[in-house]
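The values are calculated or read from the model by the stated rules, or taken from the named source; none is laboratory data. Because the structure is a prediction, the values reported are computed rather than measured. Positions of Cβ are generated from backbone atoms using ideal geometry, with glycine treated the same way; all protein chains shown enter the neighbour counts. Ligands, DNA and RNA are stripped out before the accessible areas are found, and what is left, the full protein with its side chains, is counted by its heavy atoms. Shrake-Rupley method; radii C 1.70, N 1.55, O 1.52, S 1.80 Å.
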Amino acid sequence: CGVVYSSSAAPYAFRVPSSAGASARLVVKGLMFAGFSEAAVVLAGGDNHRVQGNQFGGVPFTVANAQGIKVTTSSGNAMIGSATDPELANMIAGSTSSGITLDSIAGGNTVAGNLIGFAANGIDGLGNDGNGINIFNSPSNLIEYNYIGYNHQDGVGVFGVDSNYNNVI
């Protein structure tokens, strides 16, 4: 597992810009992220992204990420984690804001089977300073089978008039 670390507080490690067309797709697997001032992974454009099997935060001797993953603007249909394969779960902990933010009007994202707010051992708390998952004006997302705890605000926060048809299981 490789470590992607920003000691200079770069805004992100990977970013798909809002200008990316619908055929743009990012797959991020098996990495550790720390030290990013916006979010380690920002998905603002494209479609059908996969962020699986990564560790966001909780990396010893590093600075926290502001957020682990942010899906925003025109991006949608992202798969974050997996409901059926535990090896594809992400660990998202210790962010200075929310662990995952979905504020995409495109919506339709799935956040499944992740460990949010826990240390790497899966037992001890290492909460995010905001919500574990923050949904703002993002419709039709599926949040299922995640282990969420120890966050300083809500486990899952759903806000905004356009946050319709979200399912939390």
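Run the Debye formula on the Cα coordinates of segment 115-169, all scatterers equal and no solvent, and tell me log10 I(q)/I(0) at q = 0.14 1/Å.
Values returned for q = 0.14 Å⁻¹ are -0.38.
Can you tell me the order of 71-77, 158-164 when each peptide is scored by its average per-residue count of other Cβ atoms within 10 angstrom, highest first?
Top to bottom by mean Cβ count within 10 Å: 71-77, 158-164.
So what is the relative contact order of the chain, in percent, for Cα pairs below 8 Å that sit 6 or more residues apart? Write down the numbers at each step before the final one.
Working: 586 pairs, mean separation 27.8, N = 169.
In percent, rounded to a whole number, it is 16.
With a probe of 1.4 Å, find how much accessible area the chain has per residue, and write the answer as a whole number in Å².
Dividing the accessible area of the chain by its residue count gives 43 Å².
Over the chain, what percent of the accessible surface lies on carbon and sulfur atoms, probe 1.4 Å?
Carbon and sulfur: 52 percent of the exposed surface of the chain.
Computed over the Cα atoms of segment 64-147, what is the ratio Rg over Rh, Rh following Kirkwood?
We get a ratio of 0.96 for segment 64-147.
Which one of F56, F14, F36 has the biggest mean-square fluctuation once the chain is modelled by GNM with Cα springs under 10 Å?
Between F56, F14, F36, it is F14 that shows the largest mean-square fluctuation.
Could you tell me the distance between the Cα centroids of segment 25-79 and segment 117-154, to the nearest Å?
Between the Cα centre of segment 25-79 and that of segment 117-154, the gap is 14 Å.
Gaussian network model of the chain, Cα springs within a sub-10 Å range: biggest mean-square fluctuation belongs to which of Q67, Q153, Q55?
Of Q67, Q153, Q55, the most mobile in the Gaussian network model is Q153.
Using only the Cα atoms of segment 29-85, what semi-axes does the equivalent ellipsoid have when each is the square root of 5 times a gyration tensor eigenvalue? Give whole Å, largest first.
Each semi-axis is the square root of five times an eigenvalue, giving 21, 15, 7 Å.
Would you mind giving the average projected area, over all directions, of the Cα convex hull of the chain in nm² with one decimal?
8.5
Most mobile of S18, S97, S138 per a Gaussian network model of the chain (Cα springs, under 10 Å)?
Most flexible of the set in this elastic network: S18.
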